[in-house]
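Engineer: Dropping a structure here in structure tokens format, bear with me for questions.
We did not get these values from a lab; they are worked out from the coordinates using the rules stated. Being a predicted model, the structure only gives us computed values, none of them experimental. With ideal geometry, Cβ positions are generated from the backbone for all residues, glycine too; neighbour counts draw on all protein chains shown.
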Amino acid sequence: MAAGVIYPTFAPSGEWQEPAQEQPPRGMFLGTPEIYFSKRIDNSRVVMITDPKRRREMITFGISLAVLFLIVMVYLWQHFSAIEYGYKIEQLKSQSDTIAESNRTLSLEEESLRDTSRIDRLARQMGMQRPDEGQWEPMDPGSDASTPVMAKAGNIMVVSAVQ
């Protein structure tokens, strides 16, 4: 064991300096000396004993925390997904409204362009005139518009030059 005494007002000799100013003399009382003893303690032979009950409690606590964490994460994931889907639904509704408005505008434009009186007026302004009777023949109304139609002309015979 080692013992040492430290006096609070004494400084080691290496730190002594000449005082720049004269300090008033201090009293003789230097204070109570602090005495300490150092003792080495060897804990190398100390072994921690495992407590199976405490270990089981800690494992149960850890599993409980993990389950709670998973429940919170699933709730947050579901909540943020619902918010995200709400934004997507609103975006798709606005796109649907825009497309419906565009479709309505195009339908009105199509109807105005199909107007026969307008077509007739524009044709007359270009110098065209109505065809005479027999110059045109209407197509069969029973034929489907999506099926191809073979062009034919009445009273015209096509002669092939290849023999």
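Engineer: Just to be sure I understand the curve: with the Debye formula and one point per C-alpha of region 52-127, what is log10 I(q)/I(0) at q = 0.12, 0.20, 0.23 Å⁻¹?
Structural biologist: For region 52-127 at q = 0.12, 0.20, 0.23 Å⁻¹, log10 I(q)/I(0) is -0.67, -0.92, -1.00.
Engineer: Mind checking region 57-148 for chymotrypsin sites (Phe, Trp or Tyr not before Pro) that DSSP puts in a loop (not H, G, I, E or B) and that have at most 12 other Cβ atoms within 10 Å?
Structural biologist: Filter output for region 57-148: TRP136.
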